[in-house]
Amino acid sequence: MAKPQQEVYFVFMNFDPVYERLRADRSKQGSATLDAYLSQKHDKLLAKLLQPDTYWKKSSLAIVDGFAVEITDAQASVLRSAKEVRVVEKNQELA
């Protein structure tokens, strides 16, 4: 049986007051705290919703509270249904 094809998707999160507070701190330490918070938050969401070793988180995006992840179409649908998630979009590469 063929393994489902994985593609890169961008996942953007719903409003999070902790994210907004941390993002307001423009210091170097504040930036590091925000990066750590988002990485952990995004990792926890993926671990809660998807099976281990079936996805690859490429990066967390601090400027928009989102992340890039390699997943299947079915996994993208699972993420779309999560209350914490606002939008899931497939990466569109321009030719």
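Quick rundown of the values:
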{"quantity": "Pairs, first in contact (Cβ under 8 Å) with a residue 24 or more places away in the chain and within 14 Å of PHE67 (Cβ to Cβ) in the range 77-95, second open to solvent by 100 Å² or more (accessible area, probe 1.4 Å) and charged (D, E, K, R), C-beta under 8 Å, six or more apart", "calculated": "VAL88/ARG80"}
{"quantity": "First in the range 12-31 and over 21 Å from ARG80 (Cα atoms) and part of a helix (DSSP H, G or I), second anywhere and at pLDDT 95 or above and among the acidic types (Asp, Glu), Cβ under 9 Å, 6 or more apart", "calculated": "GLU20/ASP65; ARG23/ASP65"}
{"quantity": "Residue selected from the range 1-41 under the condition under 28 Å from ILE71 (Cα atoms) and among the charged types (D, E, K, R), by the criterion modelled with the lowest pLDDT", "calculated": "LYS3"}
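The values are calculated or read from the model by the stated rules, or taken from the named source; none is laboratory data. Just so it is clear, the structure is predicted and the values come from calculations on it, not from any experiment. Methodologically, a virtual Cβ is constructed for each residue, glycine included, from the backbone with ideal geometry; neighbour enumeration extends over all protein chains shown. These area figures cover heavy atoms from the full protein model, side chains too; ligands, DNA and RNA do not enter into them. Shrake-Rupley method; radii C 1.70, N 1.55, O 1.52, S 1.80 Å.
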